[in-house]
Each structure stands twice: as C-alpha cells, then as structure tokens.
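What follows is a set of notes on a single structure, which appears directly below.
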Amino acid sequence: MESKPNSENQIYTLVQSGTPKTDNVLQSVEVNGVGLDITDDDKLKKRAKRKIITNKMMLALIDVAKSKGDMGRVKQYWNTYHCQGKLLRSGEYVYGKFCKNKCCTVCTAIRKAELINKYRPVLVEWKDMYFVTLTIKACKEDKLKMLTNAMYKAIGRTLDRLKKRNQRGKGIKVMGVKSFECNFNPIAKTYNPHFHLIVPSKEVAELLIKEWLITWKPKDGKWRNFYNSQKGQDMRPANTLESDLVETIKYGSKIFTEPDQKKGKKASTNPMIYVNALDNIYAAMSRKRLFDRFGFSLPPQPKKESIRTIIYDSELFKYSTNDADWVNKKTGECLSGYINTPELEHLLNQCINLDLG
C-alpha cells in the first residue's frame with residue numbers, strides 16, 4: 001500500500017462496494033479521501049473524545065427536536081449521531097463517513113483546522129490586527145431566529161455601504177474575516193447573537209463599530225428594544241493570531257455553559273449542556289454561512305480532487321457509545337484506546353439539561 005499524506009484537513013467518505021466480508025474483514029472496498037493516520041495517537045484519541053460528546057449530545061437533541069415536532073432537525077441530528085459510526089482500518093489508516101453538520105464536534109474540528117490553515121498565511125501579513133465583536137442586546141427564544149436574520153442583513157448592508165464608499169474614493173478599504181456565534185444565558189434565559197471579526201487595523205475596527213451602530217438602529221424603531229450602544233461593542237488588538245483565529249472560527253455556539261453567569265465569578269466544575277438552547281441556536285443558524293471573508297481574495301488554492309482508492313483486507317470497526325471507542329466486533333479490539341475521564345463522564349451523564357421552559 002502506498003504511503004499517504006497525514007492530513008486531518010480533508011473530508012473523506014466511505015463507499016460500500018458490496019464486496020463480501022469474512023470474519024469482519026472486508027476483502028476489497030473503494031474509499032474516498034486520504035484517511036486518518038492512526039499512528040498519530042493524539043489525533044485518534046481526540047476524535048474519540050469528540051465522538052462521545054457528539055453522540056451523547058445528539059441523543060438529547062433528538063428528544064428535544066421531537067418534542068417540538070421538527071422532524072427535519074431530528075433527521076439531521078440522527079445523521080450526525082451516525083457520523084464516523086463505522087471505520088475501516090487498512091494498514092495505518094482508517095476511513096469513514098462524515099456528516100459535515102454544524103452540530104457535529106468531529107466535523108467542525110476538521111473544518112476549523114481547514115479554515116485556520118487557509119487564512120493564516122494572509123492574516124499573518126496584517127501587522128496591526130484588531131479583534132472586533134459586533135452585537136445586539138440579548139433576546140428571548142421567540143425572537144432569536146428573526147433577529148439572526150436581521151443581523152445578517154445588517155452586516156451585509158454595512159459592508160456593502162463601506163465598499164461602495166471606498167470605490168468612490170470617499171473612504172478606506174475595509175477587509176477582514178467574520179464569523180457568527182450565539183451564546184445562551186441560563187439565568188436570564190436569553191440569547192446573545194454576535195459577530196466576531198479580525199480586521200487589519202484599528203482604523204477599520206473603529207469604522208466597523210461606528211457603521212454597525214448606524215445600520216442596526218433602524219429609523220422606524222422596529223428593533224428599538226435590541227439596539228446596543230457603543231459600550232456593547234468591543235475591539236482589542238489581536239496580539240496572538242492563532243488564538244484569535246480559533247476564537248473567531250468557533251463555529252456557532254459553546255456546548256458547555258457555566259450555570260452561573262455572574263461576571264468575575266470563577267468557572268464552576270459543573271458546566272451544563274443546555275440542549276433546548278442549543279437546538280434553538282442551531283435552528284436560527286440553519287442555512288447560514290457561519291464564517292466568511294470580506295474585502296479581499298485568497299491566493300489561488302490547490303484544487304481539491306476526489307481521491308478514490310481500493311483498499312484490501314480492511315477491518316470494520318463500529319462505534320460503541322458504552323465503550324467510547326470504535327470496536328472490532330469479531331476480536332473485541334478497540335481502535336483508539338481512549339478512556340473517558342470521570343469528569344467528562346459526569347458531564348455527559350449528569351449535566352445535560354433538557355428543560356424546555
């Protein structure tokens with residue numbers, strides 16, 4: 001078998017060929033992509049950890065979505081539950097199918113790594129970067145989707161206005177990367193949708209905040225209750241590109257939330273997963289591009305080609321939530337050797353909040 005690049009940044013899928021299997025060994029199967037190098041023990045264990053978090057979370061999200069009668073999201077959550085559910089091991093590589101959903105911790109981790117690797121070479125050239133947060137006042141569940149749509153329209157109008165102003169020679173060029181995120185406050189039972197941006201200068205950061213406030217304050221007062229002042233926005237020097245990129249590319253929402261939201265209070269040892277809130281956030285983000293660039297183009301990127309390979313004598317491993325690992329049912333062998341920590345075990349079994357109130 002030819003040596004393959006060790007890449008975590010390509011999505012690969014399993015293609016069942018219909019080839020008969022003997023003693024849990026598939027004699028020949030066609031797969032897409034480069035696979036995951038299982039000699040990288042750390043990566044494999046991290047994937048196993050994300051998989052157990054995803055599976056526990058999806059079962060709870062399925063129950064919540066069913067209670068709301070949203071069978072579309074139920075189907076999506078089941079799809080994520082089965083993401084990486086079966087892996088084929090051939091030599092030093094494993095292959096499996098990805099769901100690519102926003103709610104999947106496995107897929108979003110890969111997507112975040114791809115985006116960081118793609119944008120880092122450009123952003124590292126910006127010597128005076130600033131990290132910006134544009135937000136509105138917190139809202140209740142019934143307004144979340146409507147306000148999310150309004151925020152996307154508002155950021156679009158703001159950037160278009162600044163672009164046209166620059167094209168007419170009346171303003172500076174505005175560029176950067178932006179992402180959408182929404183957090184939940186379990187005390188007030190409110191949601192905080194906001195944009196994170198990385199821009200090349202303090203001047204651009206100040207201008208974006210100024211123009212965002214102009215755009216978001218509608219003349220007809222439609223969103224008066226959700227208008228946020230200058231104090232509600234934030235900007236600071238982006239001193240560490242790597243950490244600020246990770247902060248920007250968080251892809252949606254925190255999974256674990258501190259029950260006590262008081263400022264200055266130390267983080268508790270028992271954060272919660274507020275499943276109903278997560279479902280509301282995923283519903284609001286449906287069909288939304290969570291990460292994008294504006295005002296600049298990336299250098300030409302290598303064209304991704306579909307890699308199809310026939311592998312032979314591969315072993316089938318199925319994911320077992322009870323074992324927190326992929327297991328060869330014939331031999332009992334576990335693939336990653338990951339052992340769930342007592343702390344995470346407690347979080348996943350005792351700290352999932354299903355409250356619909």
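The values are calculated or read from the model by the stated rules, or taken from the named source; none is laboratory data. Quantities reported herein were computed from a predicted structural model and do not represent experimental measurements. Positions of Cβ are generated from backbone atoms using ideal geometry, with glycine treated the same way; all protein chains shown enter the neighbour counts. Each accessible area value is taken on the protein alone, full model and side chains, heavy atoms only, with ligands, DNA and RNA left out. Shrake-Rupley method; radii C 1.70, N 1.55, O 1.52, S 1.80 Å.
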When the residues of region 186-199 are filtered to those that are of a type outside the set (D, E, K, R) and open to solvent by 40 Å² or more (accessible area, probe 1.4 Å), which remaining residue is nearest to residue 289 (Cα to Cα)? 192
Do any residues in region 207-223 that are charged (D, E, K, R) have Cβ atoms under 9 Å from those of residues that are buried (at least 19 other Cβ atoms within 10 Å of the Cβ) and modelled with pLDDT of 95 or more, where the two are at least six apart or on different chains, and which pairs are they? 211/158; 211/159; 211/162; 211/174
Members of region 209-232 that are at pLDDT 90 or above and either in contact with a strand residue (DSSP E or B) (Cβ under 6 Å, 6 or more places away or on another chain) or open to solvent by 30 Å² or more (accessible area, probe 1.4 Å) (or both): 210, 212, 214
Being in a helix (DSSP H, G or I), open to solvent by less than 30 Å² (accessible area, probe 1.4 Å) and without any contact (Cβ under 8 Å) to a residue 40 or more places away in the chain is the requirement here; does residue 77 meet it? yes
Might you check whether a residue that is free of Cβ contacts under 8 Å to residues at least 60 places away in the same chain, closer than 18 Å to residue 76 by Cα and either of a type in the set (Lys, Arg) or not in a helix (DSSP H, G or I) (or both) occurs anywhere in region 116-135? no
Positions within region 255-284 being outside any strand (DSSP E or B) and either crowded, with 22+ Cβ neighbours inside 10 Å or at pLDDT 75 or above (or both), in sequence order: 255, 271, 275, 276, 277, 278, 279, 280, 281, 282, 283, 284
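Give 106, 132 a once-over and let me know the one that is within 16 Å of residue 192 (Cβ to Cβ), open to solvent by less than 50 Å² (accessible area, probe 1.4 Å) and either of a type in the set (A, V, I, L, M) or touching a Pro at 6+ places or on another chain (Cβ under 6 Å) (or both). Step through it out loud before you land on a result.
Details: 106 fails: within 16 Å of residue 192 (Cβ to Cβ).
After ruling out the rest, the residue left standing is 132.
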The conditions are (1) touching a residue at least 60 places away in the same chain (Cβ under 8 Å); (2) under 21 Å from residue 292 (Cα atoms); (3) open to solvent by less than 30 Å² (accessible area, probe 1.4 Å), and residue 98 fails exactly one of them. Which is it? (2)
Given (1) in contact with a strand residue (DSSP E or B) (Cβ under 6 Å, 6 or more places away or on another chain); (2) open to solvent by less than 40 Å² (accessible area, probe 1.4 Å), where does residue 62 come up short, assuming only one miss? (1)
